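Engineer: Please find one structure pasted underneath; my questions will follow.
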Amino acid sequence: MVHIRNIQLPDFPLLLAPMEDVSDPPFRAVCKANGADLMYTEFISSEGLIRAAAKSRQKLDVFDYERPIGIQLFGSDVDTMGECAAISTEAGPDLIDINYGCPVKQVALRGAGAALLRDIPKMVAMTAAVVKNTHLPVTVKTRLGWDTETQNVEEVAERLQDVGIEALTVHGRTRVQLYKGEADWRLIAKIKENPRIKIPIFGNGDIDSPEKAVAYKNRYGVDGVMIGRAAIGYPWIFREVKHYATTGQKLAPPTLEERIAMCKMHFDKSLEWKGPKAGIFEMRRHYTHYFRGLEGAKQWRTRLVDAELGEEVYAILEEIAASDAVLVG
């Protein structure tokens, strides 16, 4: 078993990556139903929480069916991050996670996310402030470094462990790489091999198949893997990885009936959490992924995206189920 203090995870835990505008409660619900072992909220701006911005406050919503669930924070001010750790703790998650990995300009160029990889003392101070302001376990997600010349994640792992983090996830790219090129897990393996490191180490980057998930665990020795983009519209990847890790056999892909049922569940949760207007609007980004490889997918997607009422969406999904469309990829 893998432990993050009192949180008990399987021997090979699968984590759902926090993804902005994706990993909200409806999306997390379908991933949990398919075997995700540990999930995180979308990352939440510490400045937004301090200002009580509605969007930031809504991201604090966590539900019992999601547990264990972590709230992920990002920010550029040490004291503000400490204060937000206390606010987030009141929302009742199982842990607090700090984002030191987001590479996008709106975050990194404002001194948050991956920008902290260029200021390790500030990163350490910020982490210590978060640890001080919550009774919950604190974890961190970061990258190899800012660029290829400053891949300092080994130092980061030691120093953050020293101030109290209880697990570390490393994305195998630098900030400059963004999401381009191939993720390099060799430094992640070095962290795991470091005798000073006692906390769980999770690897992230390019896990898009059961074979790769198991191969990377065996090759790099990580305690578990985090899956992000591959789960969008395909939450079945979690059950497929678990099946392959246990049996060595590939699980059959989901049938059309399973795709429709999961899409309905996602839609139901979206309406429940966001309301009829926003729930319908924000679900539109997922249809392409759910029905990728389906004959005539473009026409179905167009109709689903154009639908303005829940009843229309359900009716179209029933049409797809009753059609003779087949999955071709």
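Engineer: Which of the numbered conditions does Gln8 fail, given that it passes all the others? Conditions: (1) assigned to a strand (DSSP E or B); (2) open to solvent by less than 20 Å² (accessible area, probe 1.4 Å).
Structural biologist: (2)
Quick grid of which residues meet (1) among the polar types (S, T, N, Q); (2) in contact with a strand residue (DSSP E or B) (Cβ under 7 Å, 6 or more places away or on another chain); (3) closer than 15 Å to Pro13 by Cα:
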| residue | (1), (2), (3) |
| --- | --- |
| Leu178 | no, no, no |
| Glu182 | no, no, no |
| Gly205 | no, yes, no |
| Val214 | no, no, yes |
| Arg219 | no, no, no |
| Val222 | no, yes, yes |
| Val225 | no, yes, yes |
| Phe238 | no, yes, yes |
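Engineer: Hey, any hits in segment 266-280 for a residue that's loosely packed, with under 15 Cβ neighbours inside 10 Å, in a helix (DSSP H, G or I) and of a type in the set (Lys, Arg)? I'd like the intermediate steps shown before the answer.
Structural biologist: If we filter segment 266-280 for residues that are loosely packed, with under 15 Cβ neighbours inside 10 Å, which is where we start, we get 272, 275-278.
So of that shortlist, the ones also in a helix (DSSP H, G or I) come out as 272, 276-278.
Right, trim to of a type in the set (Lys, Arg) and you get 277.
For segment 266-280, residues loosely packed, with under 15 Cβ neighbours inside 10 Å, in a helix (DSSP H, G or I) and of a type in the set (Lys, Arg): present.
Engineer: Can you tell me which residue among Glu20, Glu47 is outside any helix (DSSP H, G or I), in the same structural domain as Val214 (by the TED database), out of contact with any strand residue (DSSP E or B) (no Cβ under 8 Å at 6 or more places or on another chain) and at negative phi?
Structural biologist: Details: Glu47 fails: outside any helix (DSSP H, G or I).
One residue alone meets the criteria, Glu20.
Engineer: In addition: Please enumerate the residues belonging to segment 161-186 that are small (Gly, Ala, Ser), under 27 Å from Val2 (Cα atoms) and surrounded by fewer than 17 Cβ atoms within 10 Å (Cβ to Cβ). It would help to see each step written out before you state the result.
Structural biologist: Going residue by residue through segment 161-186, those that are small (Gly, Ala, Ser) are 164, 167, 172, 181, 183.
Pick out the ones that are also under 27 Å from Val2 (Cα atoms) and you get 164, 167, 172, 183.
Selection gives Gly164 alone.
Engineer: A further question follows. Can you give me the number of residues within segment 264-292 that are closer than 12 Å to Gly233 by Cα and of a type in the set (S, T, N, Q)?
Structural biologist: Number satisfying all stated conditions: 1.
Engineer: All but one of (1) among the β-branched types (Val, Ile, Thr); (2) over 23 Å from Arg239 (Cα atoms); (3) surrounded by fewer than 13 Cβ atoms within 10 Å (Cβ to Cβ) hold for Val326; which doesn't?
Structural biologist: Every listed condition holds for Val326 apart from (2).
Engineer: Which condition number does Thr41 fail, the rest of (1) open to solvent by 30 Å² or more (accessible area, probe 1.4 Å); (2) among the β-branched types (Val, Ile, Thr); (3) closer than 25 Å to His289 by Cα being met?
Structural biologist: (1)
Engineer: Criterion first (of a type in the set (Gly, Ala, Ser) and at pLDDT 95 or above) does Ala167 satisfy it?
Structural biologist: Values: of a type in the set (Gly, Ala, Ser): yes; at pLDDT 95 or above: yes.
The answer is yes for Ala167.
Engineer: Check whether at least one residue in segment 126-134 is more than 24 Å from Leu38 (Cβ to Cβ) and assigned by the TED database to the domain that holds Arg175, and report yes or no. Step through it out loud before you land on a result.
Structural biologist: Step one: list which residues in segment 126-134 are more than 24 Å from Leu38 (Cβ to Cβ), which gives none.
Checked segment 126-134: no residue is more than 24 Å from Leu38 (Cβ to Cβ) and assigned by the TED database to the domain that holds Arg175.
Engineer: Can you tell me how many residues within segment 23-38 are β-branched (Val, Ile, Thr) and open to solvent by 20 Å² or more (accessible area, probe 1.4 Å)?
Structural biologist: Of all residues in segment 23-38, those β-branched (Val, Ile, Thr) come to 30.
From what is left, the residues that are open to solvent by 20 Å² or more (accessible area, probe 1.4 Å) are none.
So the count comes out to 0.
Engineer: Oh, and also: Pairs, please: C-beta under 8 Å, at least 6 apart or cross-chain, first residue touching a residue at least 60 places away in the same chain (Cβ under 8 Å) and in segment 301-321, second acidic (Asp, Glu)?
Structural biologist: These pairs meet every condition: Ala321/Glu257.
Engineer: Looking only at residues that are in contact with a Gly (Cβ under 8 Å, 6 or more places away or on another chain) and part of a helix (DSSP H, G or I) in segment 67-106, which one is surrounded by the fewest Cβ atoms within 10 Å (Cβ to Cβ)?
Structural biologist: First pass over segment 67-106, keeping only residues in contact with a Gly (Cβ under 8 Å, 6 or more places away or on another chain): 74, 76, 81, 84, 93-97, 99-104.
Cutting the leftovers down to part of a helix (DSSP H, G or I) gives us 81, 84.
Numbers: Met81: 25, Cys84: 28.
Applying the filter and picking the extreme gives Met81.
Engineer: Name, by its number, the condition in (1) surrounded by fewer than 19 Cβ atoms within 10 Å (Cβ to Cβ); (2) over 23 Å from the mean Cα position of the chain (by Cα) that does not hold for Ala297.
Structural biologist: For Ala297, the exception is condition (1).
Engineer: Hey, does segment 145-158 have a residue that's open to solvent by 30 Å² or more (accessible area, probe 1.4 Å), modelled with pLDDT under 95, more than 23 Å from Pro25 (Cβ to Cβ) and part of a helix (DSSP H, G or I)?
Structural biologist: No - not one qualifying residue is present in segment 145-158.
Engineer: Right, something else. Can Thr142 be described as in contact (Cβ under 8 Å) with a residue 12 or more places away in the chain, assigned by the TED database to the domain that holds Arg51 and not in a helix (DSSP H, G or I)? Talk me through it step by step, then tell me what you get.
Structural biologist: Values: in contact (Cβ under 8 Å) with a residue 12 or more places away in the chain: yes; assigned by the TED database to the domain that holds Arg51: yes; not in a helix (DSSP H, G or I): yes.
Judged against the criteria, Thr142 is a match.
Engineer: Do we find a residue being β-branched (Val, Ile, Thr) and either part of a loop (DSSP other than H, G, I, E, B) or in the same structural domain as Glu282 (by the TED database) (or both) anywhere in segment 24-42?
Structural biologist: yes
Engineer: Among the residues of segment 217-236, is there at least one that is open to solvent by 40 Å² or more (accessible area, probe 1.4 Å), under 29 Å from Met1 (Cβ atoms) and small (Gly, Ala, Ser)?
Structural biologist: For segment 217-236, residues open to solvent by 40 Å² or more (accessible area, probe 1.4 Å), under 29 Å from Met1 (Cβ atoms) and small (Gly, Ala, Ser): absent.
The values are calculated or read from the model by the stated rules, or taken from the named source; none is laboratory data. The structure displayed is predicted, hence computed values, not measured ones. Don't worry about glycine lacking a Cβ; one is built from the backbone with ideal geometry, like all the others, and counts go over all protein chains shown. Just so you know, the surface numbers come from the protein's heavy atoms only, side chains and all, with ligands and any DNA or RNA stripped out. Shrake-Rupley method; radii C 1.70, N 1.55, O 1.52, S 1.80 Å.
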